[in-house]
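Working notes for the structure below.
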Amino acid sequence: MSPFFASESERLDQFPILRKQIYLGHAGVTTLPTCAADAMTKYIHACCADNQEFEGVIADMNRTRVTCAKLIGAHADEIALLGPTSLGLSLFANGIDWKPGDELLCYQDDYPSNVYPWLALEKRGVTIRFLKTQAQGQITPELVAESLTAKTRMVALASCHYLTGWRIDIDAIGALLHKRGILFSLDAIQTAGAFPVSVKHVDFLSADAHKWMLGPLAIGIVYVAREHFETCQPTLLGAWNIKSPNFVTQDKMEFYESARRYEPGVLNTIGMYGMKASLEMLLSFGIDRVSEHILSIRNHLLTGLLEMGFQTLSPLPGSEMATGIVTVFHPDRNPEALVEALAKDNIFAAVRHDREGKGYLRFSPHFYNTLDEMDKVLACLRK
């Protein structure tokens, strides 16, 4: 039984996919809850009775910014409604006035979207340096501190490693960077919506809604701290982010005084309504409660897997750095074959590979999954 729903029927109504399978792929692309689908459908049908920017749409955009700001502890005027995650990260990389000799510190084995925008800066004279971890994805404040140099201008990290599920201490890393005057960029897609994310010590953040925020593709949160609006210049230009009274081009470009300055044109409004509905649901339950439940069921699942002889790349049960991602391998079993076996029992999991090409079985349950479902996964694998 889920602690978030009054009945099993209510849980199934909100997540209809559960009527046919146990879905454990939220670190990839989420299934949509009914509230998101209904919100998008309602907007689409309203667009048949009126134009797509009918009265109220702009106000809903502003309400969505407020909702997104609540999720990460920001101000609404610091939120741009843009996705995917790589778009925001590219805006950060391209918008800063880098100087030859500047250094940027990142992690080569992060998801490629959080590596390639930084690697491209080498053409502008920026030196890209990679963190060297003892265990894949395990990035500590101490490791970051000892990797900095006098030339480090920015550190760009993911809030959670997409393969291993190791979470970073955002506040501790951000605080030590700010003490040294170093910028901090965060790819938050693997934690936003599932675990508390604070931008108190973060300068830039990007996260698409299609994973743990339970939203649609290609809409998300791009956060730029207000004091960095001039530090990070908009590199996508259009009629929406540059003031154009009466749609007339001006002699001088003047950007809006909010994160709207990073939105060049029309937004993914359909996706916006879906993201807003999903985030309102998550916030109504409380992100602390959501994360507590996710940890409970992932620990249960991981404990059972370890008892069966699986080995893991993920934090062990009880670790403060754990997330909903559980990545395992078995010395005698093929991960692709395991995924196929699970699929025959109507259980969705994924296979992911490391740099050496080794395959792993990855589970990523969310708050609406249950202990009973984890037991069914374990029973299937025991067969």
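Structural remarks
- Checking each residue in segment 261-279 for being open to solvent by 30 Å² or more (accessible area, probe 1.4 Å) and basic (Lys, Arg) picks out only Lys276.
- Among residues of segment 36-51, those that are more than 23 Å from Ala76 (Cα to Cα) and either within 28 Å of the chain's Cα centre (by Cα) or touching a residue at least 12 places away in the same chain (Cβ under 8 Å) (or both), counted: 5
- The condition (being of a type in the set (Gly, Ala, Ser) and over 14 Å from the mean Cα position of the chain (by Cα)) is satisfied by just one residue among Gly220, Gly193, Gly271, Gly215: Gly271.
For every residue, the table says whether it meets (1) in contact (Cβ under 8 Å) with a residue 24 or more places away in the chain; (2) over 16 Å from the mean Cα position of the chain (by Cα); (3) in a loop (DSSP other than H, G, I, E, B).
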site	(1), (2), (3)
Leu89	yes, no, no
Leu121	yes, yes, no
Arg129	yes, yes, no
Ile139	yes, yes, yes
Met154	yes, yes, no
Tyr162	yes, no, yes
Gly165	yes, no, yes
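- Residue count for segment 167-204, restricted to those that are aromatic (Phe, Trp, Tyr) and buried (at least 24 other Cβ atoms within 10 Å of the Cβ): 1
- Single residue of segment 138-160 satisfying the filter (out of contact with any strand residue (DSSP E or B) (no Cβ under 8 Å at 6 or more places or on another chain) and of a type outside the set (D, E, K, R)) that is nearest to Gln311 (Cα to Cα): Gln138
- Test result for Phe285, modelled with pLDDT under 95 and more than 17 Å from the chain's Cα centre (by Cα): no
- In summary, Ala135 fulfils each of the numbered conditions (1) at pLDDT below 95; (2) open to solvent by 60 Å² or more (accessible area, probe 1.4 Å) with the single exception of condition (2).
- Subset of segment 334-370 that is of a type in the set (Lys, Arg) and surrounded by fewer than 16 Cβ atoms within 10 Å (Cβ to Cβ) - its residue that is farthest from Phe15 (Cα to Cα): Arg355
- Restricting attention to segment 49-87, the residues that are among the hydrophobic types (A, V, I, L, M, F, W, C), assigned to a helix (DSSP H, G or I) and within 17 Å of Lys276 (Cβ to Cβ) total 10.
- Restricting segment 241-260 to residues that are free of Cβ contacts under 8 Å to residues at least 60 places away in the same chain and surrounded by 16 or more Cβ atoms within 10 Å (Cβ to Cβ), the residue that is nearest to Gly88 (Cα to Cα): Asn241
- Candidates Ala207, Ala145, Ala120, filtered to the one that is under 20 Å from Ser90 (Cβ atoms) and open to solvent by 10 Å² or more (accessible area, probe 1.4 Å): Ala120
- Tallying residues that are aliphatic (A, V, I, L, M) and in a helix (DSSP H, G or I) within segment 19-48 yields 6.
- Segment 11-21 - residue that is more than 13 Å from Thr370 (Cβ to Cβ) and among the charged types (D, E, K, R) and, of those, surrounded by the most Cβ atoms within 10 Å (Cβ to Cβ): Asp13
- Among residues of segment 184-233, those that are out of contact with any helix residue (DSSP H, G or I) (no Cβ under 7 Å at 6 or more places or on another chain) and not aliphatic (A, V, I, L, M), counted: 9
- Residue satisfying condition, being of a type in the set (Phe, Trp, Tyr) and over 27 Å from Phe229 (Cα atoms), within set Phe4, Phe92: Phe4
- Residue list for segment 36-57, restricted to those being crowded, with 18+ Cβ neighbours inside 10 Å and either in contact with a Lys or Arg (Cβ under 9 Å, 6 or more places away or on another chain) or hydrophobic (A, V, I, L, M, F, W, C) (or both): Ala36, Ala39, Met40, Val57
- In segment 300-318, the residues that are at pLDDT 95 or above and out of contact with any strand residue (DSSP E or B) (no Cβ under 9 Å at 6 or more places or on another chain): His300, Thr303, Gly304, Glu307, Leu316, Pro317
- Qualifying residues in segment 217-232 (those that are touching an Asp or Glu at 6+ places or on another chain (Cβ under 9 Å) and in a loop (DSSP other than H, G, I, E, B)) - the one most open to solvent (accessible area, probe 1.4 Å): Leu217
- Considering the conditions (1) over 18 Å from the mean Cα position of the chain (by Cα); (2) in contact (Cβ under 8 Å) with a residue 60 or more places away in the chain; (3) under 26 Å from Ser258 (Cβ atoms), Ile182 is excluded by exactly one of them, (2).
The values are calculated or read from the model by the stated rules, or taken from the named source; none is laboratory data. Quick caveat, the model's predicted, so the values are computed rather than measured. So basically every Cβ, Gly included, is an ideal-geometry build from the backbone, and we count neighbours across all protein chains shown. Calculation scope for accessible area: heavy atoms of the full protein, side chains included, ligands and nucleic acids excluded. Shrake-Rupley method; radii C 1.70, N 1.55, O 1.52, S 1.80 Å.
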